[in-house]
1. What are the residues in region B:322-348 that are in a loop (DSSP other than H, G, I, E, B), among the aliphatic types (A, V, I, L, M) and closer than 18 Å to residue B:310 by Cα, if any?
2. Do we find that residue B:63 is assigned to a helix (DSSP H, G or I), farther than 26 Å from residue B:318 by Cα, out of contact with any strand residue (DSSP E or B) (no Cβ under 9 Å at 6 or more places or on another chain) and at pLDDT below 70 in this structure?
3. So, of the residues in region B:345-371 that are under 25 Å from residue A:375 (Cα atoms) and among the hydrophobic types (A, V, I, L, M, F, W, C), which turns out to be nearest to the other protein chains (Cβ to nearest Cβ)?
4. Identify the residue in region B:157-203 that is at pLDDT 95 or above and part of a strand (DSSP E or B) and, among all such residues, is farthest from the other protein chains (Cβ to nearest Cβ).
5. Looking only at residues in region B:337-376 that are over 15 Å from residue B:297 (Cα atoms) and among the basic types (Lys, Arg), which one is surrounded by the fewest Cβ atoms within 10 Å (Cβ to Cβ)?
6. Out of curiosity, is residue A:326 at pLDDT below 95, in a loop (DSSP other than H, G, I, E, B) and either on the phi < 0 side of the Ramachandran plot or surrounded by fewer than 21 Cβ atoms within 10 Å (Cβ to Cβ) (or both)?
7. Evaluate the following for residue B:187: is it acidic (Asp, Glu), without any contact (Cβ under 8 Å) to a residue 24 or more places away in the chain and within 19 Å of residue B:296 (Cα to Cα)?
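The values are calculated or read from the model by the stated rules, or taken from the named source; none is laboratory data. Note that the coordinates shown come from a computational prediction; the quantities given were computed from them, not determined experimentally. Cβ atoms come from the backbone with ideal geometry, glycine included; neighbour counts cover every protein chain shown.
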Amino acid sequence: MRVLVTASPGLGHMLPMVPISWALRAAGHEVLLAMAGRNAQHVPMLAASGLHVVETQPHETFVRLMDKARDGMDVKAMQKLIREVSRSGDAERLMSFGARLFAPQSDAVADNVVAIADEWRPDLVVHSPMDGAGPLAAARLGVPAVEQAYGLSSSETRFAQIVEALADTYRRHGVDGPPTRHALLNVAPPSMGTPALGWAMRYVPFNGGGQLPDWLLRTPDRPRVIVTLGTVIPGFAGLGPLQWLADVAGDLDAEFVVTLDNAEAEQLGALPDNVRPVSYTPLNALLATSAAIIHHGGSGSTMTSLAMGVPQLVVPQGADQFSNAYEVAKRGAGFEVDTEVAQVGADDLTRLLTDASLAAAAAEVKAEIAAQPAPAALVSRLVELVG
Amino acid sequence: MRVLVTALSGHGHLFPLVTTAWALRSAGHEVLFATAGDMTAVKATGLHSYDVAPGLDMGKLVGQNAGQAFRSSTSGRRFDAEIDMRDHPAFRLFNGLAEGMVDGLVGLARDWRPDVVVYEAMNLIGLLAARAAGAGSVSHAIGVAHNKDLMARFGAMQIDIFQRYGVDELPEPDVFLDVAPPSMKPEPDGWPMRYVPYNGGGQLPGWLTGRPERPRVTVTLGTVAPMLTGVGPVERIAAAAAKIDAEFVVALGSNVDTSSLRDLPDNVRLVGYVPLGPLLASSIAVVHHGGAGTTLTALDAGVPQVVVPQGADGPINAAAVAAAGCGLNVTDEELDAQLVERLLTDDALRSSAERVRAEMHAMPSPAEVADRLSKNFGGQNS
């Protein structure tokens, strides 16, 4: 069969679609990714997955749309609002917030996604959670659409909210409503988030390929700790949450590997000898020989850390990061430091490296994830859905 | 399960293992792709890769041997003849690469501890890596010509390398993955596996995902032949094209001298490197040089082929295609308008091509083979 794969712009949405795409290809199906990036690197990074990609919009479109969606609100105020909504525990409110933010992005690519689908004639559309253009194209062709989650929390209502927010787009294309056949591939581990929804699927990390250096293949003598704020936060909210690398990391008997290029790392000031900045390196490869991770709580970082079974210290800054941090702490596989209140301190780092209960819970979740059916095992269900 | 995949870095050797690696990865296994020389192709596969011989000067080895090797094997006789090929330049090239890679590959296997090593059939040092790690060994064919016996003979000529590692007799791989379609090889050499083409990913231009206005014919000489033996077959297509109602898309890669291809007819279009799979999906026929990957990709697409062998295993592939009835095996001189016309109109070629495609699509997919490998080798080291 022919499978069109769509996602919202941004690596956190795009890259998680790769393993299921590989699985489909390896089972002999044809796969085409129709996506757009939020900056000039995103589509090339996706294309470096080895899959075939068509770009649906130039990335500049989304910079404009994000500015517009923020509606004059500055970054600090935006973070504050998301933090409040996240902490209120009102998941539905957060969800509708997200649907409103992402609907214009789906609208911006919809005409092109529909045109590509009309020409390429997929039998199935697989889409990321916030993308509404793929399902629209599927509905137009009368083929099923399958949402693939990228994180812990899925929702029974979000899909309908996105369709509703795209009512004008549906009308423009003469489509009455969403595809009648719709399924969810849910990557939540059985003990976290919303595991009961949809079809359970093992989270197989894809954080980009790349050539691995020698030092990454060997477990070091002293514990290695990975430090990352992902690809969005450093440019969006700055490196403040990493200031402790310069201030206290030198006091610890551990090696800190931080995913910043040299120019970014210089912004932190003089770094101790046991801090090593590295340019973009796949997170799963970094974690394979590491003892722990400190990250911003992005879904990709959270899920990859859970899949690799390392204890996590989460310093959430925006988006779904607060709820990811909450879920990780609740499960006992890590804990959160609220960087609005305090910097990460030596005590936090010691706890991360020595608290055996964190490592035990992380190992349990890793085992849970590994026991879920892999993307390769879900392909036959997708074929059945297409019929 | 941890899987070390290894191949030479040339497209023809590396590409066929990519879909198998994806199958393993998307089944949740860890995969590391070890190669050497030019790392460009492997870096575009989305896989984690490792350079086992940093600084390996492929150019030097290729410069000394490749042109001569490629041409001198054009007859196809020497490739599978039961003669000592140790003086053959093709052997010296492959042996040079193996010598350059073996220490790094074996060292990597000792460090990384794979459960199984999947090696491209001609990259026999994969057997030593498997042995060093106590891992299973899987030989992965990359074409219809790469049969188990031929690879064993090829390996026997490299016994010096094995002896340095204390192995006096070439071991047999635990598994041989055979990608030959059943009608081209009724008795597979090991586990049959569907060849699912990978010819490079990346951004596709819009004209490639849409439908062409005129019937499209793909013309390609692969990535090696045009540099070694020139673009003669393309010149002949260009001369014939004006008489034929079709669009000829010529995919020649980037490092090719195309100075003899100026003033082309309107219906001949030179494109740079384009992934062959999507290109053939929009084409009704193909003219090519007989490379193993090109031949199998064309068989998978189910389009009739004209094969104009230029060297290496091209003559064997061309003969296999002709014997299966889904293409024509011709010399440069035989390539003319009449022949292309036949390619486009001969129903017997088309139906045979469709039959072989159907056969291939019924073979166990890489995903199914990955599952079988996991049952056989999972837990060896992890």
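1. Step one: filter region B:322-348 for residues in a loop (DSSP other than H, G, I, E, B), giving B:324-326, B:330-331, B:335-336, B:346.
Within this subset, residues satisfying the condition of being among the aliphatic types (A, V, I, L, M) are B:324, B:330, B:335.
Hits for region B:322-348 are B:330, B:335.
2. On the way: assigned to a helix (DSSP H, G or I): yes; farther than 26 Å from residue B:318 by Cα: yes; out of contact with any strand residue (DSSP E or B) (no Cβ under 9 Å at 6 or more places or on another chain): yes; at pLDDT below 70: yes.
Yes: the conditions hold for residue B:63.
3. First, the residues of region B:345-371 that are under 25 Å from residue A:375 (Cα atoms): B:360-371.
Narrowing the set further to residues that are among the hydrophobic types (A, V, I, L, M, F, W, C) leaves B:360, B:362-363, B:367, B:369-370.
Numbers: B:360: 9, B:362: 10, B:363: 9, B:367: 4, B:369: 9, B:370: 7 Å.
The selected residue is B:367.
4. B:176
5. If we take residues in region B:337-376 being over 15 Å from residue B:297 (Cα atoms) and among the basic types (Lys, Arg), then B:375 is surrounded by the fewest Cβ atoms within 10 Å (Cβ to Cβ).
6. Working: at pLDDT below 95: yes; in a loop (DSSP other than H, G, I, E, B): no; either on the phi < 0 side of the Ramachandran plot or surrounded by fewer than 21 Cβ atoms within 10 Å (Cβ to Cβ) (or both): yes.
No: the conditions fail for residue A:326.
7. yes
Condition check ((1) in a helix (DSSP H, G or I); (2) within 14 Å of chain B (Cβ to nearest Cβ)) across all residues:
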{"residue": "A:216", "(1), (2)": "yes, yes"}
{"residue": "A:219", "(1), (2)": "no, yes"}
{"residue": "A:226", "(1), (2)": "no, no"}
{"residue": "A:286", "(1), (2)": "yes, yes"}
